[in-house]
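First the structure, in the form of C-alpha cells, and then the observations on it.
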Amino acid sequence: MVALVARARYRHSDIDRALEMERRVRRMNARETATKAFLWLAVVVGGPLVGAKLFDLVVLVGAWSAHPPQSLAMMPYGEAWPVDTGLFFIPFSAAMLVAAFGALIAGWKTPWRYRWLLCVPALGILALLVLTVVAFWPMNEALYYHGVGSPKDTITDAQAIEMARHWVQLDWLRVVGATAAFVSAIRALTLPWPREVARKDPPLVRAILAVCLAAVAAFVVWFVANI
C-alpha cells in the first residue's frame with residue numbers, strides 16, 4: 001500500500017512538472033509573438049521614417065539653409081512652402097516609440113545578448129524625440145520668425161546663419177540615430193529567438209526600467225499636450 005501511494009505521488013509530481021513546463025513554454029511563445037509583432041511594426045514604420053528624414057535633410061532643409069537669412073523664406077509652414085512636415089513625422093515617430101518600447105517590454109526576459117538590440121530602438125527614439133523638443137523646436141521658432149520678419153524675431157542675421165548651420169549638424173545626428181534604431185530592430189527580428197530565460201534582474205535594474213517607463217509616459221503626455 002505504501003508503495004502504491006508513493007508511486008501515485010510520484011506520478012502526480014510528474015504531471016505537475018509537465019503542466020508547469022507547458023505553461024512556461026506558452027508564456028515564452030506569447031512573449032516571442034508579442035516581441036516580434038512590435039519589431040515588425042518598428043521595421044515597417046522605421047524604414048519610411050529614416051528615408052523621409054534623409055529626404056527632409058537633403059532636400060527641404062538643404063533649400064532653406066542654403067543661404068540664410070534669405071533662404072529662410074523656404075522654411076516649411078510659410079507662404080513659400082506651406083507644408084507641415086509634422087503631419088508625417090509626429091505620427092510615425094509616435095508609432096516607432098510605441099513599437100520600440102512594446103518590443104522592449106515584451107522581450108525584457110530575454111538574455112542581454114539579445115535584449116540590448118531591443119534597448120537601442122527604445123532609448124534611441126526617445127532620445128531623439130527629447131532632442132527635437134529641447135533643441136529643434138526653439139531653433140525652428142527662432143529661424144521662422146527671422147525668415148518672415150516677424151515682430152517676434154529675436155536673432156540677428158549672423159545668429160541666423162550660425163543657427164542654421166548648427167541645425168543641419170544636429171539633424172544629421174537624428175538621421176544616424178533613426179538609422180541605428182531601424183537597423184537594430186531588423187537585427188533583432190532576424191536573429192533566432194533565445195530559448196533560455198534570463199535570470200531575474202536585480203532590484204536596481206528593475207527600478208531603472210520603471211523610472212524610464214514612467215518618464216516615457218510623462219513625456220508622451222507633455223508632447224501631445226504641446227503639439
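The values are calculated or read from the model by the stated rules, or taken from the named source; none is laboratory data. All values reported here derive from a predicted model rather than from experimental measurement. We place every Cβ from the backbone using ideal geometry, glycine too, and count neighbours over all the protein chains shown.
So, residue 155, is that one within 30 Å of residue 200 (Cα to Cα), surrounded by 15 or more Cβ atoms within 10 Å (Cβ to Cβ), hydrophobic (A, V, I, L, M, F, W, C) and at pLDDT 90 or above or not? Give the steps one after another, and end with the answer.
Values: within 30 Å of residue 200 (Cα to Cα): no; surrounded by 15 or more Cβ atoms within 10 Å (Cβ to Cβ): yes; hydrophobic (A, V, I, L, M, F, W, C): yes; at pLDDT 90 or above: yes.
Spelling it out, it is not the case that residue 155 is within 30 Å of residue 200 (Cα to Cα), surrounded by 15 or more Cβ atoms within 10 Å (Cβ to Cβ), hydrophobic (A, V, I, L, M, F, W, C) and at pLDDT 90 or above.
For every residue, the table says whether it meets (1) farther than 17 Å from residue 178 by Cβ; (2) surrounded by 15 or more Cβ atoms within 10 Å (Cβ to Cβ).
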{"site": "41", "(1), (2)": "no, yes"}
{"site": "45", "(1), (2)": "no, yes"}
{"site": "53", "(1), (2)": "no, yes"}
{"site": "61", "(1), (2)": "no, yes"}
{"site": "64", "(1), (2)": "yes, yes"}
{"site": "67", "(1), (2)": "yes, no"}
{"site": "73", "(1), (2)": "yes, yes"}
{"site": "87", "(1), (2)": "yes, no"}
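Mind telling me which of the residues 142, 164, 160 ends up being more than 20 Å from residue 49 (Cα to Cα), in a helix (DSSP H, G or I), of a type outside the set (Ser, Thr, Tyr) and in contact with a His (Cβ under 7 Å, 6 or more places away or on another chain)?
Numbers: 142 fails: in contact with a His (Cβ under 7 Å, 6 or more places away or on another chain); 164 fails: in contact with a His (Cβ under 7 Å, 6 or more places away or on another chain).
Just a single option satisfies the conditions, and that option is 160.
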Scan segment 39-70 for residues that are polar (S, T, N, Q) and free of Cβ contacts under 8 Å to residues at least 24 places away in the same chain and report the count.
1
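From 87, 97, 72, 57, which residue is assigned to a helix (DSSP H, G or I), hydrophobic (A, V, I, L, M, F, W, C) and touching an Asp or Glu at 6+ places or on another chain (Cβ under 7 Å)? Spell out how you get there, then give the answer.
On the way: 87 fails: touching an Asp or Glu at 6+ places or on another chain (Cβ under 7 Å); 97 fails: touching an Asp or Glu at 6+ places or on another chain (Cβ under 7 Å); 72 fails: touching an Asp or Glu at 6+ places or on another chain (Cβ under 7 Å).
Just one listed residue meets the conditions, 57.
Considering only segment 178-198, state which residues are touching a residue at least 40 places away in the same chain (Cβ under 8 Å) and closer than 11 Å to residue 36 by Cα. Write out each step before concluding.
Start the filter on segment 178-198 by keeping residues that are touching a residue at least 40 places away in the same chain (Cβ under 8 Å), which leaves 178-182, 184-189, 191, 193-198.
Hits for segment 178-198 are 185, 186, 188, 189, 191, 193.
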If I filter segment 208-217 for residues that are in contact (Cβ under 8 Å) with a residue 40 or more places away in the chain, within 22 Å of the chain's Cα centre (by Cα) and within 25 Å of residue 48 (Cα to Cα), do I get at least one hit?
yes
Checking the structure you have, find out if any residue of segment 186-204 is under 15 Å from the mean Cα position of the chain (by Cα) and not charged (D, E, K, R).
yes
Residues of segment 123-152 that turn out to be among the hydroxyl-bearing types (Ser, Thr, Tyr) and either touching a Phe, Trp or Tyr at 6+ places or on another chain (Cβ under 6 Å) or surrounded by fewer than 16 Cβ atoms within 10 Å (Cβ to Cβ) (or both), as a count:
1
State all residues of segment 99-138 that are within 17 Å of the chain's Cα centre (by Cα) and small (Gly, Ala, Ser); if no residue qualifies, say none.
99, 100, 102, 103, 106, 107, 122, 124, 127
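For segment 106-122, what are the residues that are buried (at least 16 other Cβ atoms within 10 Å of the Cβ) and either within 18 Å of residue 224 (Cα to Cα) or touching a residue at least 60 places away in the same chain (Cβ under 8 Å) (or both)?
The initial filter retains those residues of segment 106-122 that are buried (at least 16 other Cβ atoms within 10 Å of the Cβ), namely 106-110, 114-115, 117-122.
If the condition is that a residue be buried (at least 16 other Cβ atoms within 10 Å of the Cβ) and either within 18 Å of residue 224 (Cα to Cα) or touching a residue at least 60 places away in the same chain (Cβ under 8 Å) (or both), then 106, 107, 108, 109, 110, 114, 115, 117, 118, 120, 121 are the ones that fit.
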On the basis of being of a type in the set (Gly, Ala, Ser), farther than 15 Å from residue 136 by Cβ, in a helix (DSSP H, G or I) and out of contact with any His (no Cβ under 9 Å at 6 or more places or on another chain), does residue 180 make the cut?
yes
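Quick check on my filter: what residues within segment 171-182 are over 16 Å from residue 123 (Cα atoms) and surrounded by 15 or more Cβ atoms within 10 Å (Cβ to Cβ)? So that I can check it myself, show each step before the final result.
We begin by selecting, within segment 171-182, every residue over 16 Å from residue 123 (Cα atoms); these are 171-172.
If the condition is that a residue be over 16 Å from residue 123 (Cα atoms) and surrounded by 15 or more Cβ atoms within 10 Å (Cβ to Cβ), then 171 is the only one that fits.
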Considering only segment 183-202, I want to know if a residue exists there that is surrounded by 14 or more Cβ atoms within 10 Å (Cβ to Cβ), acidic (Asp, Glu) and either at negative phi or part of a helix (DSSP H, G or I) (or both).
yes
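Here is a check on your reading of the model: is residue 153 part of a loop (DSSP other than H, G, I, E, B) and within 28 Å of residue 60 (Cβ to Cβ)? Let's see the steps before the verdict.
Working: part of a loop (DSSP other than H, G, I, E, B): yes; within 28 Å of residue 60 (Cβ to Cβ): yes.
Against the criterion (part of a loop (DSSP other than H, G, I, E, B) and within 28 Å of residue 60 (Cβ to Cβ)), residue 153 qualifies.
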